[in-house]
Structures are given as C-alpha cells and as structure tokens.
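Trainee: Structure in structure tokens, see below.
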Amino acid sequence: MADVLSYPSDIEEKPAIILDWDGTIRKPKSGEFIQDADDLEFYDGVISALWKYKRAGYLVLGATNQGGIAYNHKTLSSFAAEVGEMKLASSHEQGWPFDDWHFSPYMKGGENEAYSRSSLMRKPNYGMLALMEHRLIKEYGVAPDWDSNRTFMVGDSYKDRKLASKVGILFAQAEDWRKDIKRDNFQPERPINS
C-alpha cells in the first residue's frame, strides 16, 4: 500500500507506441526464431521511426513474449545478450529509444519448469503494460495516455491485437506500420491502417 501512497500527484500523460518485438521491429537473420544476439536485425526504417516517435513526445514501450525461454530454446542470459545487441544497434547520444520495455519468459507447456506456467505478464494479458505504467509513474512521473486516440499497439499476432483490444487502444498490423514508416513524408502519428 505504501507504493501507491508515494505516487506523484502531478502525473503527465503522454501518447504511447507499444511495440511487440519479434516479427514487428526485429527479425532473425537465419530463420523463423532468433537464436542468439548475432542472429537478430531490425527491420528497415524501424530505428529512425522509433526516434521520430520519441522526439514527437511519445512514450516508446516494448512488450514481448519470449516463450522460447520456457521451451529451452534460449536462456535468460542469451535473451539479455539480444537486448544488449538491440541497444547497441539503436542507440545514439540520447540513449536508446525505449522509455521502458518488459518481456514474459512464461509459456504453459514449456520444458523449463521455472517458466512453464500461465502468467498475467504474457500477452494477450496486460501485465507487462501495467508494470511499465507503474515504473514510469514512480521513476519519471509520466504515464501512457490510455484514453488518447494517439496511443496504439504495433504487433504481428492475434495476441498483440487482443492486448490492444483489452486495453482499449488502437492496433496497427506490423507489416502495414513498417510500410507506413518508410513513406518519404512519414510523421509520428496514429497509424494510418489502424
């Protein structure tokens, strides 16, 4: 209860872009799933688009299911190395473009007993978004504007679409959004194809 009582009273709300990672902003070089840090690359135009959203006042958030951890296809350490590689590839003098991000290693039926379970942190549940909202409020006094018609989720699966629906925000299909950000006159805004 003390956590709630220590929230700032003057929370600034900002529009947010919430991005799935695999199949949305990053892809494997070798096949269907990213195997390790050397096997990932960003889709063309994504990094510059993320910085444009950030400069336009959007919160840039990442929410990614990483069920491969539950199935022993990767470890927490190898996923941490992937995140490190993403930071190196997308950072510049202002840091990296994400204001916050979270992942879920959980997936029921997995081989790794520690992560083989249902979880509110796994999309399409919105546990990752609730956690990020809490951290942003506590650390920076800002929160996503869930009522804004400018806050939206970008993803490549039905779980991403369902998450957006549960939260009541717009959804953009990853492939359409990636086409949109490549336009010569692209400006950060709600997605055209939402």
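Trainee: Quote the FRET efficiency, to the nearest 0.05, computed for Asp38 versus Ser118 with a Förster distance R0 of 35 Å and r equal to the Cβ-Cβ distance. Show your work: numbers first, answer last.
Mentor: On the way: r = 32 Å, r/R0 = 0.92.
Computed FRET efficiency for Asp38 and Ser118 comes out at 0.65.
Trainee: List the GluC sites (Glu not before Pro) within region 97-146 that DSSP assigns to loop and that have no more than 15 neighbouring Cβ atoms inside 10 Å.
Mentor: Values: sites: Glu111, Glu113, Glu133, Glu139; in loops: Glu111, Glu113.
Taking region 97-146 and a limit of 15 other Cβ atoms within 10 Å, the loop GluC sites (Glu not before Pro) found are Glu111, Glu113.
Trainee: Another question, if that's okay. Only bridges whose two residues both fall in the chain count here: according to DSSP, what percent of them are antiparallel, nearest 5?
Mentor: Of those bridges, close to 15 percent are antiparallel.
Trainee: At a Förster distance of 22 Å, what's the computed FRET efficiency of Ala130 paired with Glu12, Cβ-Cβ distance as r, to 0.05? All intermediate terms of the calculation are to be shown ahead of the outcome.
Mentor: Working: r = 18 Å, r/R0 = 0.83.
Working from the Cβ atoms, E equals 0.75.
Trainee: State the percentage of accessible surface on region 94-152 attributable to carbon and sulfur atoms; use a 1.4 Å probe and exclude ligands, DNA and RNA.
Mentor: 48 percent
Trainee: Could you work out the relative contact order of region 75-146? I mean the mean sequence separation of Cα pairs under 8 Å and 6+ apart, divided by the number of residues, in percent. Mind showing how you got there, number by number?
Mentor: Values: 49 pairs, mean separation 12.7, N = 72.
The value is 18 percent.
Trainee: Which cross-chain or sequence-distant (5 or more) residues have an amide H under 5 Å from the amide H of Asp156, H modelled 1.01 Å from N in plane?
Mentor: Amide H to amide H, under 5 Å and 5 or more residues apart or across chains, Asp156 pairs with Ala174.
Trainee: Taking each full run of DSSP H in the chain as one helix, which ones are at least 15 Å long along their axis (Cα atoms) and have mean Kyte-Doolittle hydropathy of at least 0.0? Provide the component values of the computation, followed by the final result.
Mentor: Values: long enough: 76-90 (21 Å, 0.55); 127-140 (19 Å, 0.09).
Passing helices, by number: 76-90, 127-140.
Trainee: Then there is this: Out of these labelled values of Rg and Dmax of the Cα atoms in Å, (i) 16.5, 49; (ii) 15.4, 43; (iii) 17.0, 54, which was calculated from the coordinates shown here?
Mentor: (i)
Trainee: Measuring from label point to label point, each 7 Å out along Cα→Cβ, what is the Asp176 to Ser148 span in nm?
Mentor: 2.1 nm
Trainee: Rounded to whole Å, give me the distance from the Cα center of region 68-129 to that of region 1-63.
Mentor: 12 Å
Trainee: Normalising by the residue count of the chain, find the relative contact order in percent from Cα pairs under 8 Å and 6+ residues apart. Can you show the working numbers first?
Mentor: Values: 348 pairs, mean separation 49.6, N = 194.
Relative contact order comes out at 26 percent.
Trainee: If the elastic network links every pair of Cα atoms under 10 Å, which of Leu59, Leu131, Leu163 fluctuates the most in the Gaussian network model of the chain?
Mentor: Most flexible of the set in this elastic network: Leu131.
Trainee: Using a/c under 1.5 as the rounded threshold, could you call region 72-144 rounded, prolate or oblate? The axes a ≥ b ≥ c are square roots of the C-alpha gyration tensor eigenvalues, and prolate needs a/b larger than b/c, oblate otherwise. Before the final figure, lay out the partial values.
Mentor: Values: a/c = 3.30, a/b = 1.30, b/c = 2.53.
Oblate, because a/c is 1.5 or more while a/b does not exceed b/c.
Trainee: Counting only protein chains, not ligands or nucleic acids, how are Phe98, Phe103 ordered by accessible area (probe 1.4 Å), most first? Walk me through the numbers before you get to the answer.
Mentor: Working: Phe98 15, Phe103 45 Å².
Putting Phe98, Phe103 in descending order of accessible area: Phe103, Phe98.
The values are calculated or read from the model by the stated rules, or taken from the named source; none is laboratory data. Everything numeric here is computed off the predicted structure, so don't read it as measured data. Here Cβ is always computed from backbone atoms with ideal geometry, including for glycine, and neighbour counts include all displayed protein chains. Note: accessible area is taken over every heavy atom of the protein model, side chains too, but ligands, DNA and RNA are not part of it. Shrake-Rupley method; radii C 1.70, N 1.55, O 1.52, S 1.80 Å.
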